[in-house]
1. For a protection proxy built on the mean count of beta-carbon atoms within 10 angstrom, sort 96-104, 129-137 highest first, please.
2. Please list Thr12, Thr246, Thr204 from largest to smallest accessible area, probe radius 1.4 Å, with all protein chains kept in place.
3. How far apart, in nanometres, would the label points at Lys83 and Gln106 be if each is projected 7 angstrom from Cα along the Cα-to-Cβ direction?
4. Out of the DSSP beta bridges found with both residues in the chain, what percent are antiparallel (nearest 5)?
5. Quick check for me: using +1 on Lys/Arg Cβ and -1 on Asp/Glu Cβ, what's the dipole size of the range 112-247 about its Cα centre, in debye to the nearest 20?
6. Of the listed pairs Lys83/Lys208; Lys202/Lys229; Lys5/Lys208; Lys5/Lys83; Lys74/Lys157; Lys5/Lys157, which have alpha-carbon separations greater than 23 Å here?
7. Would you be so kind as to identify which of Ile124, Tyr175, Leu90 lies farthest towards the positive end of the dipole of the range 87-180, taking Lys and Arg as +1 and Asp and Glu as -1 on Cβ and the Cα centre as origin?
8. Taking the alpha-carbon centroid of each part, what is the distance from the range 66-120 to the range 135-180 in angstrom?
Amino acid sequence: MSNLKVALQLYTMRNETARDFSGTIRRVAELGYPGVEFAGYGGLSSQELVALLAETGLQPVSTHVGLDALQDDKLDDSIRYCKEIGCSFLVLPFLMPELRTPEAFQTLAPRLNVIGQRCREQGITFAYHNHDFEFERIGDVYLMDHLLQATDPDLVKLEVDVYWVAYAGLDPVSYLQKLGERVVLLHLKDMEPDQSMTEVGKGTLNMKQIWGFAQARDLWGIVEQDYPKIPALESARISLAYFGITGKQ
């Protein structure tokens, strides 16, 4: 298994995991990925998933958990499962449209701080994952700025999706450098000239500098294709090859 910190977001493989979760995890390991980021657990208990991870040698880097599962007793359950499988990062991946306003962010921010505090007490880092809507300008500032300013930087970190930053019209490298230590994970997907998604290294984004940012800070880079144009496993293999990692073919 490679020492490079490259993981696969299993949302990429959602059609495959829906049919055969454990078998898909085994195939991801065979590709040579060192780690995975979860988007659901395939109905497995934490003990069953620990056994599968041990079998495959995959590291459970992080997990995406929706806002509904991050409140009250559900938050305790989400943190507990995350801890039991040895996952270091719990990530909020998405916000519904009604929450995408400065006013909603002001209400949401205290909730995120509480989630971050609860996670930190259990040795887990809480992070927020961006899309493009956070870069809508509200006056002279981005919607994302409202969230960053209203949340505690020690409790609410960022998983920056470089594709969506670029899609919104920003330079991902400059934005990462601006955020600095608040970034704890990167989502890596490349961009075609028509702004559609493509595999890492096959598009127009400066992946060399983006990956350099991750390596300089010892961060995990997490490959994702929201809508692969080719079979998902092949898409994952092509992206992984950018990093010089090859597994069993």
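The values are calculated or read from the model by the stated rules, or taken from the named source; none is laboratory data. This is a predicted model, so every value here is computed, not measured. In this analysis, Cβ positions are derived from the backbone assuming ideal geometry, glycine residues included, and neighbour counts consider all displayed protein chains. The area values use the complete protein model at the heavy-atom level, side chains included, leaving out ligands, DNA and RNA. Shrake-Rupley method; radii C 1.70, N 1.55, O 1.52, S 1.80 Å.
1. Descending mean neighbour count gives 129-137, 96-104.
2. Thr246, Thr204, Thr12
3. Here the modelled spin labels are 3.5 nm apart.
4. Looking only at bridges with both residues in the chain, the antiparallel portion is about 10 percent.
5. For the range 112-247, the charge dipole is close to 360 debye.
6. Cα-Cα > 23 Å for Lys83/Lys208; rest within.
7. Checking the options against the dipole of the range 87-180, the answer is Ile124.
8. 18 Å
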